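Presented below is the structure to which this report refers.
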Amino acid sequence: MSEGTITEEGVARLRARIGIPEPHTVPVPRYVRPGIDAFRHVAEAYGDDNPLWSDEAYAAGTCWGGVIGPPPLVGGDSLVGFDEVREVPEEHRDLMKGDPLRGVHAFYSASAREWWAPLRPDRQVSRRNALVGVLEKPSEFAGRAVHEWMAQVFREVDGPALSAQYRLMIRTERTQARARKKNDALELRPYADEEIDAIEAQYAAEGPRGAETRWWEDVAMGDTVGPMVKGPMTVTDMVCWHAGVGMGLYGVKPLRLGYQNRTRIPRFYQRDELNVPDVMQRVHWDPEFARRAGNPTTFDYGRMRETWLIHLCTDWMGDEAWLWKLDCEFRKFNFVGDTQWLSGTVTDHYLAEGGRAAVDIELSAVNQRGEQTTPGHATVLLPSREHGPVRLPEAPGGARDLQEVLTVISERYDDR
């Protein structure tokens, strides 16, 4: 593979693309008109059993008056939403062709989400996708780095703006990245029976807070959130994940549909030991493919740990609260066999815009080796005895459509 270089011209060309909407790589989402079954499948994919997402009788008695979609569904790569812009406008086609930093290594480093309104069953969703930030950052890992922030924003068709998802790809020059890469020895060892017993005891102690109201006045800075455990992760967990959320950004499909996809993106396929072409995503369930990619064994998707942190928050906050924002960084791999212990600490307790009762939470996922793999933050709106029930937040800048949302978001990154 050719070695790419970060150039001023390439960075300038990337920046010229900011805010220009483009079609998603997967034109048909996993769920065209997501209903209660879709809500349940997605929640189960990350281990969430809150009845608010799928039990109509239970949800009817909540402040929402019915079932609402679990937060990871509302957005989330290729889960929902048809593109409002089906092709790049003619005046931008030359600008949007190719990768201005071709050959420059890219890795998925962080994610951020916002939610403004609940998704109800059987509603059609539209989306817009655009680059919103291009930031040059010094990198201990590779000398020079460019941070690319891509946004997807979602709304109910003829309804409110729902959510936004921001994905950070860090671009580094391959030669420098290779020269400075640290190869930490990975300890892969069997669990003792006592360790499995402790994990299962934690699972037995967990559950959604549900109908028990968590009042804003009863929360204080320094309060703990969790713990919650996820693991030891197995290939079965990966299979269940894909059953709920689909195959992601590359549109992976089986058999003849797989052949059609291979003709579309041939470089995403490599030959296995039988000379059969298969997707690079196989690194997540095939140890040999993972070793070819330079990893000791198979590993998760960063998006999985993001949904786990969302689950930690929604279990803690109760059904009358609203998860407004969450971000996290993917600092270390989570390998098959690893266990992640999730926890949080309330770091701020305040009235947000419009007098909304809010708390900020510092989040963390730590593996069984004591390594922090996924730090993050969340903002939760809570019901208040003094200030009343939760009032949903507005879309950024009071935007009235998805292009306005993208414009406001781009201005945020321009200010960084």
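Of note:
- The condition (being without any contact (Cβ under 8 Å) to a residue 60 or more places away in the chain, among the hydrophobic types (A, V, I, L, M, F, W, C), at negative phi and out of contact with any Gly (no Cβ under 7 Å at 6 or more places or on another chain)) is satisfied by just one residue among LEU351, LEU392: LEU351.
- Hits in the stretch 83-97 - residues which are open to solvent by 60 Å² or more (accessible area, probe 1.4 Å) and either closer than 19 Å to GLY10 by Cα or touching a helix residue (DSSP H, G or I) at 6+ places or on another chain (Cβ under 7 Å) (or both): GLU84, ARG93, ASP94, LYS97
- Matching residues, the stretch 317-358, being open to solvent by less than 50 Å² (accessible area, probe 1.4 Å), over 21 Å from the mean Cα position of the chain (by Cα) and either aliphatic (A, V, I, L, M) or under 22 Å from ARG303 (Cβ atoms) (or both): GLY337, VAL346, ALA352, ALA357, ALA358
- Some residue of the stretch 208-222 being touching a Leu at 6+ places or on another chain (Cβ under 7 Å), within 20 Å of THR373 (Cβ to Cβ), at pLDDT 95 or above and not β-branched (Val, Ile, Thr): no
- The lone exception for THR297 - which of (1) more than 24 Å from PHE39 (Cα to Cα); (2) open to solvent by less than 10 Å² (accessible area, probe 1.4 Å) it fails: (2)
- Every condition in (1) part of a loop (DSSP other than H, G, I, E, B); (2) touching a helix residue (DSSP H, G or I) at 6+ places or on another chain (Cβ under 9 Å); (3) not hydrophobic (A, V, I, L, M, F, W, C) is met by PRO72 except one, and the failing one is (1).
- Residue within the stretch 30-42 that is open to solvent by less than 60 Å² (accessible area, probe 1.4 Å), small (Gly, Ala, Ser) and in a helix (DSSP H, G or I) present: yes
- Single unsatisfied condition, GLY226 versus (1) open to solvent by less than 60 Å² (accessible area, probe 1.4 Å); (2) out of contact with any Leu (no Cβ under 6 Å at 6 or more places or on another chain): (2)
- Extreme residue, nearest to VAL146 (Cα to Cα), among residues of the stretch 10-20 that are open to solvent by less than 20 Å² (accessible area, probe 1.4 Å) and out of contact with any helix residue (DSSP H, G or I) (no Cβ under 6 Å at 6 or more places or on another chain): VAL11
- Residues that are at pLDDT below 95 and buried (at least 22 other Cβ atoms within 10 Å of the Cβ) occur in the stretch 102-117; there is at least one.
- Sub-7 Å Cβ pairs linking a first residue in the stretch 22-38 that is more than 23 Å from TRP53 (Cα to Cα) to a second residue that is polar (S, T, N, Q) and in a loop (DSSP other than H, G, I, E, B), at least 6 apart or interchain, are HIS24/SER78; VAL26/SER78, ordered by first then second residue.
- Every pair of residues 6+ apart whose Cβ atoms lie under 7 Å, when the first sits in the stretch 249-263 and is within 26 Å of MET169 (Cβ to Cβ) while the second is part of a loop (DSSP other than H, G, I, E, B) and open to solvent by 90 Å² or more (accessible area, probe 1.4 Å): ASN261/LYS253
The values are calculated or read from the model by the stated rules, or taken from the named source; none is laboratory data. As the structure is a computational prediction, the values presented were derived from the model and not from experiment. Note that each Cβ is placed from the backbone with ideal geometry, even for glycine, and that neighbours are counted across all protein chains shown. Ligands, DNA and RNA are stripped out before the accessible areas are found, and what is left, the full protein with its side chains, is counted by its heavy atoms. Shrake-Rupley method; radii C 1.70, N 1.55, O 1.52, S 1.80 Å.
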